[in-house]
Amino acid sequence: MINLLEPPAERDLPPARAARMRARLRREMAAPVRPRRARRFALAGVATVAVAAVAAVPLLRPAEAPDTVAMGPGELNRPLSREVAACLNGYPDGPMFRDGARFPVTDDDLAVAVHHERRTTAVFLTEEGYLACERTEGLLPGDEPTGGFSIQEWNGTRDWLPGPVQLLMRTSTEIDSGAVDASGRVSPRVSRVELEHGDGGTTRARIVGGTFGLLSTTEVGPDAALVAYDARGTEIWRRPFFGAPGPSRCWADPAGNVVYPAVDTAPDPGGSPGVPDGDCLPAQAWNP
């Protein structure tokens with residue numbers, strides 16, 4: 001390896017200039033090579049861009065919607081809009097609806113849509129009744145989706161609730177635990193609805209226009225409960241998430257007409273104390 005280069009022949013250069021050139025060349029050849037500061041900054045910038053690009057890679061396939069609680073059709077993104085439309089596919093002309101309640105339902109009637117992983121639930125509110133849909137995509141390409149519907153005509157109950165909260169739809173990944181979602185209606189008294197996980201954790205619902213939607217991707221336990229609070233933070237309603245589906249007491253409008261008959265015999269956690277058995281509780285107005 002050549003460590004030192006001799007300068008070219010001096011030829012006609014003045015002696016003093018030739019000496020300066022020789023000295024400069026010797027100094028530069030002997031000096032250690034140091035990295036340039038500008039290049040170090042450039043490499044740092046490239047590394048930062050690379051990390052950001054990796055972090056921005058979506059974890060979901062393009063056809064999937066992220067974990068979402070959409071309150072009404074105006075909040076649907078494109079993937080969730082497709083899922084909601086798929087919920088309505090076949091209604092009301094499918095064989096399963098032939099002998100039950102049927103009324104017109106469109107995408108514009110959507111009140112709440114919840115999506116988590118492969119599962120979508122949606123609740124549609126119309127003047128005639130409500131339709132709740134649960135749909136789960138197949139695990140593998142080509143697998144048929146599974147799901148079901150809950151359809152109920154109002155029959156005079158549209159403007160009334162059986163207490164501060166009416167639960168219209170709830171699903172879970174396990175029978176009495178797992179990731180859960182819930183949708184329903186609330187009275188103007190309700191300022192906040194929360195899901196207590198049963199282990200100290202909570203998930204807060206969204207409330208818009210007299211309806212609520214809730215999604216917990218954190219798994220909850222068998223003791224999970226739905227709780228409603230008024231504007232002062234006072235608890236006004238509580239029900240086990242995995243408990244009985246309907247009120248155990250009847251509820252009547254101000255004229256004394258029973259709008260919600262009792263459907264089970266278990267004590268109703270949402271009932272008011274001091275009301276004798278057999279007497280209906282006052283139904284609460286719903287103002288969307």
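The residues listed here are 170, 102, 158; of these, the one that is part of a strand (DSSP E or B) and of a type in the set (Lys, Arg) is 170.
Looking only at residues in the stretch 191-215 that are of a type in the set (Ser, Thr, Tyr) and touching a residue at least 24 places away in the same chain (Cβ under 8 Å), the one that is most open to solvent (accessible area, probe 1.4 Å) is 191. Just one of (1) under 27 Å from residue 124 (Cβ atoms); (2) open to solvent by 10 Å² or more (accessible area, probe 1.4 Å); (3) under 21 Å from the mean Cα position of the chain (by Cα) fails for residue 218. It is (1).
Checking the condition in contact (Cβ under 8 Å) with a residue 40 or more places away in the chain and either hydrophobic (A, V, I, L, M, F, W, C) or open to solvent by 40 Å² or more (accessible area, probe 1.4 Å) (or both), which residue from 164, 188, 141 passes?
Working: 164 fails: either hydrophobic (A, V, I, L, M, F, W, C) or open to solvent by 40 Å² or more (accessible area, probe 1.4 Å) (or both); 141 fails: in contact (Cβ under 8 Å) with a residue 40 or more places away in the chain.
Among 164, 188, 141, only 188 is in contact (Cβ under 8 Å) with a residue 40 or more places away in the chain and either hydrophobic (A, V, I, L, M, F, W, C) or open to solvent by 40 Å² or more (accessible area, probe 1.4 Å) (or both).
Within the stretch 92-131, if we keep just the residues that are more than 20 Å from residue 78 (Cα to Cα), of a type in the set (Gly, Ala, Ser) and in contact (Cβ under 8 Å) with a residue 12 or more places away in the chain, the residue that is surrounded by the most Cβ atoms within 10 Å (Cβ to Cβ) turns out to be 129.
The values are calculated or read from the model by the stated rules, or taken from the named source; none is laboratory data. No experiment lies behind these values; they were computed from the predicted model shown. Note that we place each Cβ from the backbone using ideal geometry, even for glycine, and neighbour counts take in every protein chain shown. We work out accessible area using only protein heavy atoms, side chains counted, and drop any ligands, DNA or RNA first. Shrake-Rupley method; radii C 1.70, N 1.55, O 1.52, S 1.80 Å.
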